Amino acid sequence: MKLASLNHARDGQLIVVDSRLEHYVLATHIAPTMQTALDNWETVSPQLNDLAKQLEAGTANSFPFEPSQCASPLPRSYHWADGSAYVNHVELVRKARNAEMPETYWTDPLIYQGGSDTFLGPTEDIAMADEAWGIDFEAEVAVVVDDVPMGINQQDALQHIKLVMLVNDVSLRNLIPGELAKGFGFYQAKPSSAFSPVAVTPQALGDAWDGSKLHLPLRAILNDKLVGQPNAGVDMTFDFGQLIAHAAKTRALCAGTIIGSGTVSNLDRSQGSCCLAEVRMLEIIAKGQATTDFMRFGDRIQIEMLDSTQQTIFGQINQQVVAYHEPL
């Protein structure tokens, strides 16, 4: 089953999308919004699944699906926590700012809590006031959970994953060192993230989903040039069960909480990278200096995952970087 939110009011209108992302049917008579569906998942999901079957059979009153009409599946969320599950990526990025990496990074998941009140839509511009901030994309996988009790173990945590989607975790690389030097974490360096047009149930991912990881390449294309397509199921030091359990160690997680994987990264660099910071660090290692710039106004980033038949699974995050102007 594939779900999305039409761009309507603050929390969108819930729709069910067909498997090929060609048509949709309104689901507001079952649950008005994605958050409402997640709040009542046990009751609502069978009804949504029945509607999805009608859509696939051609018996539902459907409309053409256009990602440009969508907000992120959850236009805003009560809780967005992003991990760094690909620890080889963390090691590279820390090298770029001459920061040593503690050994515990390989044994204890790293997570920060991001802003979740103003997610960008999948085709919405990334508006920034200054190119000098070091505008970067980060292509990731994320899961959405229902209510998770505090202290859950990693195996039981997997049963709470209800939806999977893609993320562009926008990062302002040149602001990060100054913020982290204060010892209090990210804030200005992590503006609004964007999510894929569609969120997908784990069951709909077939063999690519092993219960804790998604084993498919994640493509990042900048200005029509492939930056990378590393496999999201490879070199993921901490799986989603571990990330959820870590986030829930001292608090319960409410329905609709989003947990991100962090930038997808493989030790085998032949498939490229899912962010520019990693590209630049590899250039420094190979050539002594970075030759790739961070994103500039007018640049376009596209993030997508294809199945074994080269069919898009989640739709494409397709965003342009533009200059921000204060509203009049």
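The values are calculated or read from the model by the stated rules, or taken from the named source; none is laboratory data. Everything quoted here is computed from the prediction, not taken from an experiment. Ideal geometry is used to build each Cβ from the backbone, glycine not excepted, and the neighbour counts take in all protein chains shown. Quick note on the areas: whole protein, heavy atoms, side chains included, nothing else; ligands and nucleic acids left out. Shrake-Rupley method; radii C 1.70, N 1.55, O 1.52, S 1.80 Å.
Kindly sort D39, D130 by accessible area of their heavy atoms, largest first, with the probe set to 1.4 Å. All intermediate terms of the calculation are to be shown ahead of the outcome.
Details: D39 80, D130 60 Å².
Descending order: D39, D130.
So if I place +1 on the C-beta of Lys and Arg and -1 on the C-beta of Asp and Glu, and nothing else carries charge, what would the dipole magnitude of the chain be about its Cα centre? I want it in debye, nearest 20. Show your work: numbers first, answer last.
Numbers: 22 positive and 39 negative charges, 70 e Å.
So the magnitude is around 340 debye.
Over the range 135-176, what is the relative contact order in whole percent, taking alpha-carbon pairs under 8 Å and six or more residues apart? It would help to have the intermediate numbers written out before the result.
On the way: 52 pairs, mean separation 25.2, N = 42.
This gives 60 percent for the range 135-176.
Please report the relative contact order for the range 1-129, taking Cα pairs under 8 Å with a sequence separation of at least 6, and give it as a percent rounded to a whole number. Spell out each step's value before the answer.
Numbers: 193 pairs, mean separation 31.8, N = 129.
Worked out over the range 1-129, it gives 25 percent.
For I313, what is the net charge nearby, where nearby means another residue's Cβ is under 9 Å from its Cβ and Lys, Arg count +1, Asp, Glu -1? Write out the running numbers ahead of the final one.
Numbers: positive: K2; negative: E304, D307.
That sum, taken over residues with Cβ under 9 Å, equals -1.
Starting from the residue with the highest accessible area, list S270, S116 in decreasing order, probe 1.4 Å. Please report the intermediate quantities before stating the final value.
Values: S270 85, S116 15 Å².
Ranked list, largest accessible area first: S270, S116.
Can you list residues from other chains, or at least 5 along the same chain, whose modelled amide H is less than 5 Å from the amide H of I126?
Amide H to amide H, under 5 Å and 5 or more residues apart or across chains, I126 pairs with Q320, V321, V322.
Count the lysine pairs in the range 81-323 whose Cα atoms sit under 19 Å apart, keeping only pairs 8 or more residues apart in sequence or on different chains. Could the numbers behind the result be given before it?
On the way: K95/K182; K95/K287; K162/K213; K182/K190.
Eligible lysine pairs with Cα atoms under 19 Å apart amount to 4.
Give, as a single signed number, the net charge of other residues whose beta carbon lies under 13 Å from the beta carbon of L267, with Lys and Arg counted +1 and Asp and Glu -1. Provide the component values of the computation, followed by the final result.
Working: positive: R269; negative: E91, D235, D268, E278.
Taking every Cβ under 13 Å from that of L267, the sum is -3.
Semi-axes of the range 1-65's equivalent ellipsoid from the Cα gyration tensor, sqrt of 5 times each eigenvalue, largest first, rounded to whole Å? Don't skip to the end; give the middle numbers.
Values: eigenvalues 63, 41, 14 Å².
Working from the Cα gyration tensor, I get semi-axes of 18, 14, 8 Å.
Counting only the heavy atoms of the protein chains, how much of I161 is accessible to a 1.4 Å probe, in Å² to the nearest 10?
10
How much accessible surface does F297 have with a 1.4 Å probe, in Å² rounded to 10?
Result for F297: roughly 80 Å² accessible.
Run the 1.4 Å probe and let me know the accessible area of W209, rounded to the nearest 10 Å².
Estimated to the nearest 10 Å², W209 gives 30 Å².
Normalised by the residues of the chain, what does the relative contact order come to in percent, with Cα pairs under 8 Å and at least six apart?
On the way: 806 pairs, mean separation 75.3, N = 328.
Reported as a whole number, the value is 23 percent.
Please identify, among P64, P230, P197, the residue showing maximal mean-square fluctuation in a Gaussian network model of the chain using a 10 angstrom Cα cutoff.
P64
With runs of 4+ DSSP H residues as the only contributors, calculate the mean residue ellipticity of the chain at 222 nm using -39,500 (n - 2.57) per run, divided by the residue total and rounded to the nearest 500. Write out the running numbers ahead of the final one.
Working: 7 runs with 63 residues, N = 328.
Computed mean residue ellipticity for the chain: -5500 deg cm²/dmol.
Put K287, K162 in order of accessible area, largest first, 1.4 Å probe: what do you get?
On the way: K287 135, K162 40 Å².
The ranking, largest first, comes out as K287, K162.
Give the separation of the Cα centroids, the range 55-97 to the range 24-44, in Å.
Comparing the Cα centres of the range 55-97 and the range 24-44, I get a distance of 18 Å.
Report, to the nearest whole %, how much of the accessible area of the chain belongs to carbon and sulfur atoms, 1.4 Å probe, protein only. Intermediate results must be reported in sequence, preceding the final value.
Values: 6970 of 14660 Å².
Carbon with sulfur: 48 percent of the solvent-accessible area.
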